[in-house]
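Readers should treat all values here as calculations from the given coordinates under stated rules, not as data from a laboratory. Just so it is clear, the structure is predicted and the values come from calculations on it, not from any experiment. No Cβ is skipped: glycine too gets one built from the backbone with ideal geometry, and neighbour counts run over all protein chains shown.
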Amino acid sequence: MIIVVDYGMGNLRSVSKALEALGAEVRVSSDPQDVVRAQKLILPGVGAFGAAMRELQARRLVVPLIAAIAKGAPYLGICLGLQLLFETSEEDPGVRGLGVLAGTVKRFSAPALKVPHMGWNQVLRRQRTGNRGQGECPLLKSVPEGSFFYFVHSYYGEPADRSLVALETDYGGRFAAMVWRERLYATQFHPEKSQAVGLKLLENFVEL
């Protein structure tokens, strides 16, 4: 069973429908007990960092999310679901994120750069050092190098430990398009909107 976490700010229908099309058993839930007991978790998200953290706190989901990740339940964060893993964000200074990953969320700031970054962009695998012998990221199995995924965002996560970056994209400079640590995975792009290659990544998560 995959729990898609409902905190009032996610593109829940498109994510759950994509998973169901792959044959996954899916439940959309805002119940803290479902989250803490989940076999697998997906945290999607569209919107602002501060508002999302307030919703997670109001629904008593912060502690269950952190606990589920700590116990090793496979987690997939999508877009805002990646950014919320970090400690802070330039979008809402003073608001604490989940703090699962050390680092911050930054705004695109290159001169003349169109923000938000919206549309298809190429992702490239990053040569990881110090990845504790994990080898190839399981979610990237059969995902061709240089594939294009769909992005919609003005901010991006910057981990303190760069060895966690699995994929990079260039938009006024390289940024983390995907981070990975053990059974925690998170993408800045939207796999559910990225056609066949996005469905392949989701299929790999379902099959973990």
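Leu208 label point, 7 Å along Cα→Cβ, cut-off 20 Å on backbone N: hits in the stretch 34-66? Counting backbone N atoms under 20 Å from the label point, the list is 34-46, 61-66. Under the shape rule built on the C-alpha gyration tensor, where the axes satisfy a ≥ b ≥ c, the stretch 59-178 is oblate, since a/c reaches at least 1.5 while a/b does not exceed b/c. First check a/c for the chain, with a ≥ b ≥ c the square roots of the eigenvalues of its C-alpha gyration tensor; if it is under 1.5, answer rounded, and if not, answer prolate when a/b is larger than b/c or oblate otherwise. Here the chain falls in the rounded category. Kindly identify the stretch 65-126 as rounded, prolate or oblate by the Cα gyration tensor criterion: order the square roots of the eigenvalues as a ≥ b ≥ c, call it rounded if a/c is under 1.5, otherwise compare a/b with b/c, prolate if a/b is larger, else oblate. Because a/c hits 1.5 or more and a/b fails to exceed b/c, the stretch 65-126 counts as oblate. Estimated from the Cβ-Cβ distance and a Förster radius of 45 angstrom, the FRET efficiency linking Ala112 and Arg54 is about 0.85.
A simple charge model with +1 on the Cβ of Lys and Arg, -1 on the Cβ of Asp and Glu and nothing else charged puts the dipole of the stretch 49-194 at about 260 debye relative to its Cα centre. Relative protection proxy for 35-45, 116-126, 165-175, 183-193, from highest mean packing down: 183-193, 35-45, 165-175, 116-126 (other beta-carbon atoms within 10 angstrom).
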